[in-house]
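Q: First the structure, which I've put down as structure tokens, then a few questions once you've had a look.
The values are calculated or read from the model by the stated rules, or taken from the named source; none is laboratory data. Being a predicted model, the structure only gives us computed values, none of them experimental. Backbone-built Cβ (ideal geometry, glycine too); neighbour counts: all protein chains shown.
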Amino acid sequence: MRKRAWLGWLFAVPALVMYATFVLRPLLLTVQYSFYDWNGIGASTWVGLGNYRRLFTDSELFASILHAFELILFFSLIPVLLGLFVAATIRGIAQSRLATVARTVLFLPQVIPLVAAGIMWSWLLSSTGLANELLSAVGLDSLTRAWLGDFGTALPAVGVIGAWVLVGLCTLLLLAGMSKIDPALYEAARLDGAGPVREFASITLPSLRQEIGVCVTVTVIAALASFDIVYIATQGGPGNSTMVPGLEIYYLAFSEREVGMASALAVALVVLVLACVLPVQRLTRDGSR
């Protein structure tokens, strides 16, 4: 029996070595670099917690973190709420051909590369894009603008792109959860005189606690760690109105050569992600007991 156990570990060694080399080691090095002032080439200087203090005293760096939390409203809240509504609607017409078409169309953004999605939406939201053409066609010329180039609308516009990408994933996850609910529960509720709203609130939502937890976890991580969509759509502009931690880390490390500061922001981002995700996971686990 002991030989079999060692044999199993022997098969796992290559995977463990790869994980330690390409995940654990870079993570530990990032934590180490965060305590130094280093340009990535020359000698490093110990600064202790100086890089972390700068995160909260430098308005530009702190603003990037706030922008990530603002994106949670678009990347997480909107996709989950829309996903619940759309999944419930599709479940009501589950046997029709329209339901299959709807599932396919909604999941397409997950198949499209995010770089391509960012380019496509940049065209749609440009000053001469489809969004402004439609507004002009219905007589709302005063509302037209370069949505990704305006200080007031750039971040919400990026959020809309993220919501469009994630709503299909949330819908399918929630729809899969709804398919596991016992139909007898709905029949019993109807016999008691419950309407669709009461059924949704009393049966569907409690039964989807785990699926909602997964959706919130995935979308919150996508918001806090967003990079590709923002980089393609705005590159953090105009000014720094759409700067997010992932993009700030990239600029600090490869443009400004502040590897220590970039590492500190990366560590802070990991802590923020864990601080947001772990409570959601705990609530989901407690609710499923």
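Q: So, in region 47-68, exactly how many residues are in contact (Cβ under 8 Å) with a residue 24 or more places away in the chain and either within 17 Å of the chain's Cα centre (by Cα) or surrounded by fewer than 13 Cβ atoms within 10 Å (Cβ to Cβ) (or both)?
A: So the answer is 5.
Q: Residue check, GLY168 against (1) under 15 Å from ALA68 (Cα atoms); (2) in contact with a Pro (Cβ under 6 Å, 6 or more places away or on another chain), all met but one. Which one?
A: The one condition GLY168 does not meet is (1).
Q: Considering only helices (runs of 4 or more DSSP H) fully contained in region 55-148, which possess at least 1 residues that are farther than 26 Å from ALA225 by Cα?
A: Numbers: elements: 59-72, 78-92, 97-111, 114-124, 130-137.
It comes to 78-92, 97-111, 130-137.
Q: For ILE78, are the conditions met, namely being modelled with pLDDT of 85 or more, β-branched (Val, Ile, Thr) and under 12 Å from TRP164 (Cβ atoms)?
A: When the stated conditions are applied, ILE78 passes them.
Q: Here is a follow-up. All but one of (1) out of contact with any helix residue (DSSP H, G or I) (no Cβ under 6 Å at 6 or more places or on another chain); (2) surrounded by 15 or more Cβ atoms within 10 Å (Cβ to Cβ); (3) free of Cβ contacts under 8 Å to residues at least 12 places away in the same chain hold for THR128; state the number of the condition that does not hold.
A: Against the list (1) out of contact with any helix residue (DSSP H, G or I) (no Cβ under 6 Å at 6 or more places or on another chain); (2) surrounded by 15 or more Cβ atoms within 10 Å (Cβ to Cβ); (3) free of Cβ contacts under 8 Å to residues at least 12 places away in the same chain, THR128 comes up short only on (2).
Q: Any chance you could count how many residues in region 254-265 are out of contact with any strand residue (DSSP E or B) (no Cβ under 9 Å at 6 or more places or on another chain) and at pLDDT 95 or above?
A: 3
Q: Could I ask something else about it? Of all residues being within 25 Å of THR144 (Cβ to Cβ) and aromatic (Phe, Trp, Tyr) in region 77-125, which is surrounded by the fewest Cβ atoms within 10 Å (Cβ to Cβ)? Just the residue, please.
A: My answer is TRP123.
Q: Output yes when any residue across region 269-280 is small (Gly, Ala, Ser), part of a helix (DSSP H, G or I) and surrounded by 12 or more Cβ atoms within 10 Å (Cβ to Cβ), and no when none is. Full working, then the answer.
A: Let us first name the residues in region 269-280 that are small (Gly, Ala, Ser), namely 275.
Narrowing the set further to residues that are part of a helix (DSSP H, G or I) leaves 275.
Cutting the leftovers down to surrounded by 12 or more Cβ atoms within 10 Å (Cβ to Cβ) gives us none.
No, region 269-280 contains no residue that is small (Gly, Ala, Ser), part of a helix (DSSP H, G or I) and surrounded by 12 or more Cβ atoms within 10 Å (Cβ to Cβ).
Q: Somewhere in region 233-240, is a residue surrounded by 15 or more Cβ atoms within 10 Å (Cβ to Cβ), on the phi > 0 side of the Ramachandran plot and among the small types (Gly, Ala, Ser)?
A: Taking every residue of region 233-240 in turn, at least one turns out to be surrounded by 15 or more Cβ atoms within 10 Å (Cβ to Cβ), on the phi > 0 side of the Ramachandran plot and among the small types (Gly, Ala, Ser).
Q: Looking only at residues that are surrounded by 13 or more Cβ atoms within 10 Å (Cβ to Cβ) and not in a helix (DSSP H, G or I) in region 164-207, which one is modelled with the highest pLDDT?
A: Looking at the filtered set, the residue picked out is ILE181.
Q: If you go through region 139-156 one residue at a time, do you hit one that is closer than 25 Å to THR217 by Cβ and buried (at least 19 other Cβ atoms within 10 Å of the Cβ)?
A: Our first condition is that a residue be closer than 25 Å to THR217 by Cβ; within region 139-156, this holds for 155-156.
This time we only want the ones that are buried (at least 19 other Cβ atoms within 10 Å of the Cβ), so: 155.
The answer is yes; a qualifying residue exists.
Residue-by-condition table, conditions (1) of a type in the set (Gly, Ala, Ser); (2) closer than 19 Å to THR242 by Cα:
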residue	(1), (2)
PHE85	no, no
SER96	yes, no
VAL105	no, no
LEU108	no, no
LEU124	no, yes
LEU134	no, no
GLY139	yes, no
TRP147	no, yes
THR153	no, yes
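Q: Oh, and also: Please work out if GLU211 is modelled with pLDDT of 90 or more, surrounded by fewer than 16 Cβ atoms within 10 Å (Cβ to Cβ) and of a type in the set (D, E, K, R).
A: Numbers: modelled with pLDDT of 90 or more: yes; surrounded by fewer than 16 Cβ atoms within 10 Å (Cβ to Cβ): no; of a type in the set (D, E, K, R): yes.
Criteria not met by GLU211.
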